[in-house]
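Heads up, the thing below is written out as structure tokens.
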Amino acid sequence: MRWVNRQIDRSGRILLGSLPILLLVLLYLFLAAQRHAANPMDKILPLPTGMAEAMAALLFQPDQLTGQLVFWADTLASLQRLGIGLGIATLSALVVGLVLGLLPPIRATFGPLVTGIAVIPPIALLPILFIALGLGETAKVALIVIGIAPVMVRDIMAHVSALPREQIVKAQTLGASSWQIMIRVALPQAMPRLFHAVKLALGPAWVFLISAEAIASDVGLGYRIFLVRRYLSMDVIIPYVAWIALLAIVMDVALSVMSRRMFPWAHGASH
Amino acid sequence: MSARPETLLSLRDVWVEYGDKIVLEKVDLDIEAGSFVSIIGPSGAGKSSLLRIVLGQEVPTRGTILLDGTPLTPECGPDRGVVFQRYSVFPHLSVLRNTVFGLECEKAPLTARLFGKARRDAEAEAAEMLQAVGLGDSLHLFPAQMSGGMQQRLAIAQALIKRPRILLLDEPFGALDPGIRADMHALITKLWRDYALTIIMVTHDIREAFTLGTRVLALDKRRHDPHAPHRFGATAVYDLPLRRNDEPAGETAVAVEIPLSIEETIGHG
């Protein structure tokens, strides 16, 4: 049987999918054990026990200076920045994308500006943001917004302007105004695409968050990783990275499920 | 039908040009209220262009179009309904919501949504219209769950609920199976009679054009320059009035025997 025709059932997919992950974990454990056999004080590839010990301190013991549980304070701070950044970017992508996608005069006016902003590498703007907005939360959130919003705007804009012309004409023959077409025809059809755009923007959003936290911060997941890097604390860095990955996966899955629940018509015949 | 039917739509010396390419030249047409006009012709003869200028989606380069004696606004409006071959229903709305949409736009300019009694009334009206096109049992399906024929039924109901002065059909049954197409022919005939519609239909199917129409227009180029084929536009080269038997709906026969030569002449597209 040709490989293109081999369909894998659900249990088979879970088994096959977990195989490479399991192999990587085993490889890591093997290498770590090897290094620890040679040097029990090795910091580069910590054993799970070492990670658990290091993390226990961050998870359950209040910090001596701030009195906070460090891990949870980091998570909360990072998620808050990410949430606000994603929220602002999503909302502006929806509004700007809709208006630009549907109204040719607005697109002619602001289209080149959006394209221009989108090609600027956001990290290059980071110094400007820190100078203009200070080192506080605003600059970090602004970096996330500037980093992901232009791509999302262009995505929604392209999607809206690619709606079949027949639909727009049909709506007009049913008496709809530009505003009514926007809120009843374009907006609902842009929503599933918006969810998709947010999913794709999650990756870059994390990158910009960690970058901003690494450079100037006093709390946050990215801040912690870059702080303990000075002490070669791989026993903290690796669990933190795993935690970030887990958060990202949960967000991704949650967005997929929400989109399928809220817009069944956009997900094939599965409703 | 009354003895002297009124002219509903008239085109006077209409030209459509894209750059130096002439698509339609000197089209003069009068369409009477209550007629069913089929437009046929080879590909690229400007059938769809003609439909688009009547619809208001495009503006003719020259000439005037009068609807009920007043010039058309160069924009689509609720006085002209349309059914395209595809994409003329909204995929994100159920059958009922698709049909109510036209009423909601009219009655709620700001929200385009109706609530309470107004909504129930609109839904009742839409349900009645859907019953008439044979979708009475499918009110809560989404377009993706329906066959092509059902989607076209929905597109027709959507358009008819606005009571348009003219219904424009752009190859409405072109993508359907032959069996379904016959059903749709019966349906459109019935609706045309029941609602006293005026219909302009563009089609590739000559049999369909003669079966349904009370008048068949064949568009083609009168003149042809082999060195610059784009410099001559198409116009109505045949204008055949037909008389349909007023038999009970379902059996649709044409009173005029189609001369074979004409069918062959126009059939090359």
>> With θ taken as phi - 60° and the coefficients 6.51, -1.76 and 1.60, list the Karplus ³J(HN,Hα) couplings across region B:144-152 in order, rounded to whole Hz; mark glycine and proline as x.
In response: 5, 8, 10, 6, x, x, 5, 4, 5
> Calculated from DSSP H runs of 4 or more alone, at -39500 (n - 2.57) each and per residue, what is the 222 nm mean residue ellipticity of chain B, nearest 500?
Replying inline: -9500 deg cm²/dmol
> Using a simple spin-label model with points 7 Å from Cα along the Cα→Cβ vector, what separation in nm is obtained for B:D183 and A:W243?
Replying inline: 6.0 nm
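With a cut-off of 8 Å between alpha carbons and a minimum separation of six or more residues, what is the relative contact order of region B:129-248 in percent?
Reported as a whole number, the value is 19 percent.
Residue by residue through B:75-84, how many Cβ atoms from other chains fall within 10 Å of the Cβ on average?
Values: counts 1, 9, 4, 5, 2, 2, 3, 6, 3, 6.
Partner Cβ neighbours, averaged per residue: 4.
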>> Whole angstrom only: what separates the Cα centroid of region A:203-271 from the Cα centroid of region A:27-50?
In response: 27 Å
> Over chain A, what relative contact order in percent results from Cα pairs under 8 Å that are six or more residues apart?
Replying inline: 23 percent
> So how much slack lies between A:L19 and A:W3, counting 0.36 nm per residue of separation and subtracting their Cα-Cα distance, in nm?
Replying inline: 3.9 nm
> Tell me, how many Å apart are the Cα centres for region B:148-172 and for region B:98-114?
Replying inline: 18 Å
>> Could you give each residue of region A:162-169 its phi-based ³J(HN,Hα) in whole Hz, using Karplus coefficients 6.51, -1.76, 1.60 with θ = phi - 60°, and x for Gly or Pro?
In response: 8, 4, x, 4, 4, 5, 5, 5
> Normalised by the residues of chain B, what does the relative contact order come to in percent, with Cα pairs under 8 Å and at least six apart?
Replying inline: 25 percent
>> Amide H of B:G41 versus every other amide H placed in the peptide plane: which residues, excluding those fewer than 5 positions away on the same chain, fall under 5 Å?
In response: B:L219
> Which lysines does A:K199 reach when only Cα atoms under 23 Å apart count, and residues fewer than 8 places away in its own chain are ignored?
Replying inline: A:K140
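What is the diffusion coefficient of region A:71-270 in µm²/s, taking the Kirkwood radius over Cα pairs and the Stokes-Einstein relation at 10 °C with a viscosity of 1.306 mPa s?
On the way: Rh = 18.4 Å.
D = 86 µm²/s.
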>> Exposed loop sites here are trypsin sites (Lys or Arg not before Pro) in DSSP loop states with at most 10 other C-beta atoms within 10 Å. What is the longest stretch of chain A lacking them?
In response: A:7-271
> Past the 25 Å Cα-Cα mark, which pairs from B:K26/B:K47; A:K170/B:K21; A:K170/B:K107; B:K26/B:K190; B:K21/B:K162?
Replying inline: A:K170/B:K21; B:K26/B:K190; B:K21/B:K162
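Which of rounded, prolate, oblate describes region A:6-112, given a ≥ b ≥ c as roots of the alpha-carbon gyration tensor eigenvalues and a/c under 1.5 marking rounded, otherwise prolate only if a/b is larger than b/c? Display every interim value, and only then the final one.
Details: a/c = 3.30, a/b = 1.59, b/c = 2.08.
Oblate.
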> Suppose every K and R has +1 on its Cβ and every D and E has -1 on its Cβ; what is the size of the dipole of the protein assembly as shown about the Cα centre, in Debye to the nearest 20?
Replying inline: 1020 debye
> Which whole number gives the average, over all residues in A:189-196, of C-beta atoms from other chains lying within 10 Å of the residue C-beta?
Replying inline: 1
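No value in this document is a laboratory result; all are computed from the given coordinates. Model, not experiment: these values are computed from the prediction. Counting neighbours? That spans all protein chains shown, and the Cβs are built from the backbone with ideal geometry, glycine included.
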